[in-house]
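Working notes, beginning with the structure itself.
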Amino acid sequence: MMNYADEYKNSIDNPIIFWQKQAKNIAWYKSPTQILSTNSDDNRHNSSQWFSDGELNTSYLALDHHIEQGRGDQIALIYDSPVTQTKQQFTYNQLLEQVAKFAEVLQNQKVNKGDRVLIYMPMIPQAAIAMLACARIGAIHSVVFGGFAAHELAVRIDDAQPKVIVSASCGIEIEKIIAYKPLVDKAIELAQTKPQSCIIYQRDMVQAELTENRDFCWQTLMKTAKAIKAIPLPATHPLYILYTSGTTGTPKGVVRDHGGHAVAMQYSMKTIYGMTTGDVFWAASDVGWVVGHSYIVYAPLIAGCTSILYEGKPIKTPDAGAFWRVCSEYKVNALFSAPTAFRAIAKEDPQGDFIQQYDLSNLQRLFLAGERLDPATYSWLKDKTQLPVIDHWWQTETGWAIAGIPLGIENKTTKAGSAGVPTPGFKVEILDGLGKPVAANESGNIVLKLPLPPGCLTTIWQNPERYKLGYLSTFDGYYLTGDGGYIDEDGYLFVMGRTDDVINVAGHRLSTGEMEEIVSAHHDVAECAVFGIHDQIKGQVPLALVITKNGANIDKTLLQAELRQSVREKIGAIASLKQVLIVERLPKTRSGKILRKVMRQMIDGEPYQVPSTIDDVSIIPELDKIFKKDILAI
Ligand code: COA
Ligand code: AMP
């Protein structure tokens, strides 16, 4: 029987043998013999390729393969939508039929291997169907989270240059109906690149207006569509582009391949989540985020599990028992969500009364990610559910967990506040600013020694230089995660927060740099700083400090409202920029760098150190007074 220490050591000492063995657990059209190689087009960037001479198709693996194994009548996907009072189940046979037909619909729209298809959808099964249909014909999908506004969508259209956009007439936010089509139209108007066509799933609540010769109705096209087969693809062929926030307003298109991704997904279901074929797995996330890609759509289906696609919230749809109701109704074996969701539940149901109302006998464990699982939420969940509560750490770039408790190998104990131990395949180290390893319990930059295991990003779409500069150049031979933290004496990792301008608002990864760009664009703003401050439910929320232009006759309340609205309009309501403070000056170093971290620590009540390079130290007590009066009082 393998234990964690042996499995981990094998994966690090002999990655080729290790991953060759794991690759045997998926069905290839042509098995790879070349396990790890360097991308010859891209060797300046030291980027590795997994399984480069193998051939497979992810859609085949997720659907056809199971049917060939006799699992066609097993439930593949459950759609549960409290916001529309809809419940629907798809067997593997039924899901395959939908996917194979939609693949033909795309083909009829002249979508070929390598073409991009942008998917902007609410949490309905058609989102997953469209993703799997793209994979089937070798088209590269780029799913954009439905909460992003038209401007964000336009930026992604220009970068991905999709031939087709797939969307729906509307999404539903608790009781609010959000019409998607006007947002798609606006984004196309803003974008330089125009798609050839749009396919719109018409929902009963809203009928979208279709532009003649450009827009088509999903349901109409599907009526005459014929199911088509999956095509064999090279393992290194891109499966998808998923945009994520970096430090600037231009999002980064993380590219993931078919082969490495499929092997990693299969390995992770067994090792990290302890799931086997036929188990019911629920990732309560959104298909627009990496968790949704990996653990609502691809991994559970590749592993032959039943996955749940939930169009609702942890609370208010209709109450704080929503998660437990779903777990009980579908006999969920493992639930994966974000700490923010459980903080929202705990606030409404502090005693966990709803938990007692449902039969949760099938639920074996809870997984959390998206932000650090704070010890208070960890203890609440453990106490109220009496289940193992597992924090695990990952990012859009890695596509699966870098650290966690790999239950499928060994039931190691969890530690409150820790994201667990490194996942086999990931060599996690902590380096100081100069690239020197630090001692146990000392904080520094969390880095991953190259090569990254299968399933991680292969590049940034259209921008390998940005991949190199952003991730591979800081410390030679390492991938920079952008997170800071430490490893304790037992090898447990503590991820304490980002070291860059990325913040995490209610599980949504956002760029404060981008918010600064939007705020500074206002004609009355001379300078600004946006950074994340602690929020009890959302983990973090942005705060903007603004200096107005000299001599401008400004209505401060109006300016604050305009700035809030402008971030909402450009990024989306999820940015949750609620607090805008007008100040006289900002703390800076003599070289002009704004001391955002010091301000964040002052507001969050953390110890802070004012650097000796500060330009004028008298600003600190001045700001302290302002923060106490205007922020801490809220
Ligand atoms: N489409 C359109 N608008 C959306 C949206 C979507 N998909 N998702 C969120 N929004 C809007 C909300 O309607 C809200 O708008 P409002 O300001 O007009 O009320 C705004 O964005 C903020 O929403 P949200 O971030 O969801 O905050 P909230 O206070 O409404 O709810 C939580 C708080 C914690 C319940 C909720 O954020 C949540 O369920 N988070 C979990 C997220 C998650 O699972 N992430 C995946 C990581 S694994
Ligand atoms: P995303 O790319 O949206 O998945 O966000 C990734 C970022 O979220 C990471 O770089 C971390 O900053 C944060 N994050 C995700 N999971 C965790 C976790 N378990 N603990 C601490 N931070 C996390």
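The values are calculated or read from the model by the stated rules, or taken from the named source; none is laboratory data. The shown structure was predicted, so the numbers you read here are calculated from the model rather than taken from an experiment. Using ideal geometry, Cβ is built from the backbone for each residue, glycine included, and neighbour counts are taken over all protein chains shown. Heads up: the accessible areas ignore ligands, DNA and RNA and are worked out on the full protein's heavy atoms, side chains in. Shrake-Rupley method; radii C 1.70, N 1.55, O 1.52, S 1.80 Å.
Being part of a strand (DSSP E or B), within 16 Å of ligand 2 (Cβ to nearest atom), among the β-branched types (V, I, T) and crowded, with 23+ Cβ neighbours inside 10 Å is a condition met by no residue of the stretch 423-435. Here is the figure for the stretch 123-141: residues that are in contact with a helix residue (DSSP H, G or I) (Cβ under 9 Å, 6 or more places away or on another chain) and farther than 14 Å from H258 by Cα total 7.
Here's the yes/no breakdown for (1) crowded, with 17+ Cβ neighbours inside 10 Å; (2) touching a Cys at 6+ places or on another chain (Cβ under 9 Å); (3) not charged (D, E, K, R):
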| residue | (1), (2), (3) |
| --- | --- |
| S576 | yes, no, yes |
| E584 | no, no, no |
| K593 | no, no, no |
| R596 | yes, no, no |
| G605 | no, no, yes |
| P611 | no, no, yes |
| D616 | no, no, no |
| P621 | no, no, yes |
| I631 | no, no, yes |
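Within the stretch 266-284, restricting attention to residues that are hydroxyl-bearing (S, T, Y), open to solvent by less than 10 Å² (accessible area, probe 1.4 Å) and away from ligand 1 (no atom under 16 Å from the Cβ), the residue that is nearest to S167 (Cα to Cα) is Y267. Residues considered: E489, E514. Of these, the only one that is open to solvent by 30 Å² or more (accessible area, probe 1.4 Å) and out of contact with any Phe, Trp or Tyr (no Cβ under 7 Å at 6 or more places or on another chain) is E489. Of the strands (runs of 3 or more DSSP E) lying entirely inside the stretch 101-188, those containing at least 1 residues that are in contact (Cβ under 8 Å) with a residue 60 or more places away in the chain and closer than 23 Å to I308 by Cβ are 116-120, 140-143, 170-173. Of everything listed in (1) away from ligand 1 (no atom under 16 Å from the Cβ); (2) open to solvent by less than 30 Å² (accessible area, probe 1.4 Å); (3) more than 17 Å from the chain's Cα centre (by Cα), the single unmet condition for D476 is (2). Taking the stretch 221-240, which residues are assigned to a loop (DSSP other than H, G, I, E, B) and free of Cβ contacts under 8 Å to residues at least 12 places away in the same chain? Scanning the stretch 221-240 gives a single hit, T224. One residue alone among V502, V530 is buried (at least 17 other Cβ atoms within 10 Å of the Cβ), under 27 Å from V144 (Cβ atoms) and within 16 Å of ligand 1 (Cβ to nearest atom), and that residue is V502.
Taking the stretch 313-340 as the range and being open to solvent by 10 Å² or more (accessible area, probe 1.4 Å) and near ligand 1 (Cβ under 9 Å from one of its atoms) as the test, the residues that pass are K313, P314, I315, K316, A338, T340.
Rundown of residues vs (1) over 30 Å from G485 (Cβ atoms); (2) away from ligand 2 (no atom under 16 Å from the Cβ); (3) open to solvent by less than 10 Å² (accessible area, probe 1.4 Å), yes/no style:
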{"residue": "L301", "(1), (2), (3)": "yes, yes, yes"}
{"residue": "E348", "(1), (2), (3)": "yes, yes, no"}
{"residue": "F367", "(1), (2), (3)": "no, no, yes"}
{"residue": "G370", "(1), (2), (3)": "no, no, no"}
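Count of the stretch 66-100 residues, restricted to those that are in a helix (DSSP H, G or I) and buried (at least 20 other Cβ atoms within 10 Å of the Cβ), is 7.
Kindly establish whether P453 is outside any strand (DSSP E or B), within 30 Å of V255 (Cβ to Cβ) and within 21 Å of the chain's Cα centre (by Cα). For P453, the condition - outside any strand (DSSP E or B), within 30 Å of V255 (Cβ to Cβ) and within 21 Å of the chain's Cα centre (by Cα) - is met. Residue count for the stretch 133-160 under the criterion of being farther than 23 Å from E104 by Cβ and either open to solvent by less than 10 Å² (accessible area, probe 1.4 Å) or not β-branched (V, I, T) (or both): the result is 15. Quick one: in the stretch 175-207, of everything that is of a type in the set (A, V, I, L, M) and closer than 12 Å to I165 by Cβ, which residue is nearest to ligand 1 (Cβ to nearest atom)? By that ranking, first place goes to L183. Candidates V255, V291, V287, V263: the one that is open to solvent by 10 Å² or more (accessible area, probe 1.4 Å) and either assigned to a strand (DSSP E or B) or touching a residue at least 24 places away in the same chain (Cβ under 8 Å) (or both) is V291. Looking across the stretch 380-411, just one residue is more than 16 Å from ligand 2 (Cβ to nearest atom), in contact (Cβ under 8 Å) with a residue 60 or more places away in the chain and under 14 Å from R365 (Cα atoms), and that is G408. Of all residues in the stretch 467-510, those that are assigned to a loop (DSSP other than H, G, I, E, B), among the acidic types (D, E) and within 20 Å of A439 (Cβ to Cβ) total 3.
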